[in-house]
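Structure first, commentary second.
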Amino acid sequence: MADAKQETMEFQTELKQLMDIIVNSLYTDREIFLREVISNASDALEKLRYIQITEKEIADPDIPLEIKVQGDEDAKTLTITDTGIGMTRQELVENLGTIAHSGSKAFLRHLSEGNQQDVNLIGQFGVGFYSVFMVAEKVELYTRSYQRSAAPCLWTSSGGSEFSIGEAQSIPRGTKIVLYLKEDAREFAKTENLKRIIKEYSSFVPFPILVNGERINTIKAIWTKNRNEVSDAEYIEFFKYISNSSEGPLYRLHFSSDAPLAINAVLFVPKENLERFGFGRLKPGVNIYSRNVLIQQESEGILPEWMRFVKGVVESEELPLNISRETVQDSALVARLRKVITRRFLRFLKDEAEKNKETYTEFWKAFGLFIKEGVATDFDFKNDLVELLRFESSKLDKGELSSLKDYVERMKDDQKAIYYLNGRDREMTSASPYMEIFKEKDMEVLYTYDTVDDYVLGSIGQYKEKDLVAADTGAVDLTAEEEEEDSGKEDKKSTASLAEWMKEVLGDRVVDVKVSKRLVDSPALVIDSSGMSSGMQRIIQMMDQERKAFTGAKVLELNPGHPVIAGLCGLKEKDEDMAKLVAHQILDNALLSANLNIDTQSMVNRVYSILEKAVQP
Ligand code: ADP
Ligand code: MG
């Protein structure tokens, strides 16, 4: 009989598209749907365990916290039941169908870009539930909230564009999902298969899982164990379980301490940085427990923000069980835990970087940006974080990385500063006019390729009492060897008067034009008069659309020994109009060498004017 309160609703657009892909494709990894529903059941039970402590009145207070999995080969159904918090009608509408999850768009994009095999990542995008439609042609979900006044509800869908919600017969607290298996998915009703899949993906679920009545997991909170009681395989399995991923971690750190605080922690660094692939900002990845009760999932406060790539579990019995999730962030105790754990993690990374460079390089490529974010934002741990920075260098081979410490050890006795230069890649950076003086002096420069690098390095100021100096600023206190020949002096004199003339011609495009002491091969370069590196200006150009073509107050430096400059001295007497075009073009070229935006259209027009004269017979 149709329920009076039966309602049919449309799935939210992105979910509809996602469903379309899920329903119509063939995946080899279909079995992960079971991991997803069990992980939801486990979440619901963890939440209930917490609520039991904080609230008095809950429905069915005495039923055991467990997950039942029942396959029925004859009926071709698979039923998963939990006694967790359940959902109210309102929650059901919001959680399963109408609200766009932040990850669904990114996941869709990822799949449609030819990564269909990555469907097993679904849980990491917050849309794991919908994976049931890989195996089920119809799904019925019965649920009753722990809140006593809430009525039991039934959610049904065949995975198309809509679902319906109605009232259900009275059921015990929790959620029961009935999957009507597709013709080709009957295998998921077989006990043997269910046992195998659950052992593979869900052995760390902290509640009993029963398959057709048989208990199949033993509960193991590995963070409470001694390190030598846990095998590598168990750590890997545990990581896969908490991160919904199909591969093991890059690093793991398991530690316990009694003083100053009682802590058990298992932390992992994954192999992939999803944030790097444009999947939006990562949620924090660490859950906090106290006395085996999950206090907060994906806790915001337990680690500093830059550590959001770390996954794992932190347990401290000192955390009061009734600490509200909202106050975790303001808690002084949590702040102390955060300090202890962060310090320990940084020490771990530093050791790993020394012990195994190759793995650390892999880490750095994936997660270096987070370390840089930490350097720029985490005042408490800045000094430790600085030690973890790695950059390419003019003195090392492509791909080889140097720490600041290594750089300082290689520094010459009379070298005053640590130099760095930001550019698009190694080729471009090493060929930059700013490198000329350093090559001439045989001095090392760190090459940096991230947009944020100049900001990060600039924020350090000094390292081991050496200033950090951007190689493309006026702060570079180096001059090329004086040339002895007379011709050098002559060149300089005429260049000085050329500089005066150019300053006039270039008008407000420059604040000054000077004879350079640092150029060897290139005709000219620009220096920012306020001391900003080109990288910093690129950051400004990027952040501020109105200042897209902002190039600051520039000083143009000329190389007296370069034929273009020498030639221009003569040209300005013979053909001043042409000389003016060349002057402007030299400035644009210097700005381009600094990798700064310029007004390209007017440059192109100018180059045509120059070419027009050049091709005249
Ligand atoms: P995620 O688990 O990452 O939030 P899912 O798509 O797996 O994403 O689930 C969506 C939401 O549906 C969950 O956040 C939860 O609120 C709700 N939900 C799913 N399964 C259950 C369940 N067994 N008990 C209670 N709520 C559930
Ligand atoms: Mg889920």
Response to the item:
For the pair Glu57 and Asp575, the simple spin-label estimate (label points 7 Å beyond Cα toward Cβ) gives in nm 9.4
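Hey, what did the range 36-111 get for relative contact order, percent, Cα under 8 Å, at least 6 apart?
On the way: 54 pairs, mean separation 24.6, N = 76.
Averaging sequence separation for qualifying contacts and normalising by length gives 32 percent for the range 36-111.
Just flag the trypsin sites (Lys or Arg not before Pro) in the range 183-255 sitting in loop per DSSP whose Cβ has no more than 12 other Cβ atoms within 10 Å.
On the way: sites: Arg186, Lys190, Lys195, Arg196, Lys199, Arg215, Lys220, Lys225, Arg227, Lys240, Arg252; in loops: Lys190, Lys220, Lys225.
In loop regions of the range 183-255 (DSSP not H, G, I, E or B), there are no sparsely surrounded trypsin sites (Lys or Arg not before Pro).
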Worksheet item: Can you list the aspartates and glutamates whose alpha carbon is less than 19 Å from that of Lys492, not counting same-chain residues fewer than 8 positions off?
Response: Glu436, Glu481, Glu482, Glu483, Glu484, Glu500, Glu504, Asp512, Asp521, Glu557, Glu573
Discussion item. Using each residue's phi in the range 71-79, evaluate 6.51 cos²θ - 1.76 cosθ + 1.60 at θ = phi - 60° and report the 3J(HN,Hα) Karplus result to the nearest Hz, with x for Gly and Pro.
Written reply: x, 10, 5, 6, 7, 6, 10, 10, 10
Discussion item. Name the residue from Ile197, Gln462, Leu111 whose Cα lies farthest towards the positive end of the charge dipole of the chain, charges +1 on Cβ of Lys and Arg and -1 on Cβ of Asp and Glu.
Written reply: Ile197
Fill in: Contact order normalised by residue count of the range 2-215, Cα under 8 Å, 6+ apart, percent
33
Worksheet, complete the sentence: With N residues in the range 152-300, Rg(alpha-carbon) / (2.2 N^0.38 Å) equals 1.31
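Once neighbouring chains are kept in place and the probe is 1.4 Å, which whole percent of the accessible area of the chain is contributed by carbon and sulfur?
Answer for the chain: carbon and sulfur cover 47 percent of the accessible area.
Percentage of Cα-Cα pair distances in the range 227-363 greater than 27 Å, rounded to whole percent?
Working: 1660 of 9316 pairs.
Summing the P(r) of the range 227-363 above 27 Å gives 18 percent of all pairs.
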Practice prompt. Would you mind checking the tilt of helix 534-543 against the longest principal axis of the Cα atoms of the chain, expressed as 0 to 90 degrees and rounded to 10?
Written response: 50
Worksheet item: Convex hull over the Cα atoms of the range 391-470, averaged projected area in nm²?
Response: 4.8
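Measure up Lys16/Lys240; Lys68/Lys271; Lys16/Lys182; Lys493/Lys514 against 21 Å on the Cα-Cα distance and list the ones that go over. Present the calculation step by step, with values, prior to reporting the outcome.
On the way: Lys16/Lys240 28 Å; Lys68/Lys271 33 Å; Lys16/Lys182 19 Å; Lys493/Lys514 11 Å.
Check vs 21 Å cut-off fails for Lys16/Lys240; Lys68/Lys271.
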Discussion item. Starting from 0.36 nm per residue, how many nanometres of slack lie between Asp442 and Thr224 once their C-alpha separation is accounted for?
Written reply: 73.0 nm
Discussion item. Once you order the gyration tensor axes a ≥ b ≥ c over the Cα atoms, which shape class does the range 276-434 get: rounded for a/c under 1.5, otherwise prolate or oblate by comparing a/b with b/c?
Written reply: prolate
Worksheet item: Where a Cα-Cα gap under 16 Å defines reach, which aspartates and glutamates qualify for Lys372, not counting those fewer than 8 residues away within the same chain?
Response: Glu275, Glu305, Glu362, Asp380, Asp384, Glu387, Glu392, Asp450, Asp453, Asp454
Discussion item. Return the equivalent ellipsoid semi-axes of the chain as a descending list in whole Å, where each equals the square root of 5 times an eigenvalue of the C-alpha gyration tensor.
Written reply: 62, 29, 20
Item to complete: In whole angstrom, note down how far apart the Cα centers of the range 180-256 and the range 293-318 are.
Response: 21
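Could you do me a favour and compute the accessible area per residue for the chain, 1.4 Å probe, result in Å²? Walk me through the numbers before you get to the answer.
Numbers: 29150 Å² over 617 residues.
Each residue of the chain exposes 47 Å² on average to a 1.4 Å probe.
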Worksheet entry | Average Cα contact separation per residue, the range 222-356, under 8 Å, 6 or more apart, as relative contact order % | 21
Discussion item. If every alpha-carbon in the range 2-215 counts as one equal scatterer, what log10 I(q)/I(0) does Debye give at q = 0.10 1/Å?
Written reply: -0.42
Discussion item. Helix 32-54 against the longest principal axis of the chain: what's the angle in degrees, Cα atoms only, rounded to the nearest 10?
Written reply: 80
Worksheet item: Using a ≥ b ≥ c from the Cα gyration tensor of the range 513-617 (square roots of the eigenvalues), is it rounded, prolate or oblate, where a/c under 1.5 gives rounded and otherwise the larger of a/b and b/c decides, a/b for prolate?
Response: oblate
Worksheet item: Relative to the longest principal Cα axis of the chain, at what angle does helix 102-112 sit, 0 to 90 degrees, rounded to 10?
Response: 80
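With respect to the cross-link table entries Lys311/Lys405; Lys76/Lys190; Lys439/Lys554, which display a Cα-Cα separation exceeding 18 Å?
Numbers: Lys311/Lys405 29 Å; Lys76/Lys190 9 Å; Lys439/Lys554 24 Å.
The answer is Lys311/Lys405; Lys439/Lys554.
The values are calculated or read from the model by the stated rules, or taken from the named source; none is laboratory data. Predicted, not measured: the structure shown is a model, and the values here were computed from it. Ideal geometry is used to build each Cβ from the backbone, glycine not excepted, and the neighbour counts take in all protein chains shown. Accessible surface is based on the protein model in full, side chains and every heavy atom, while ligands, DNA and RNA are left aside. Shrake-Rupley method; radii C 1.70, N 1.55, O 1.52, S 1.80 Å.
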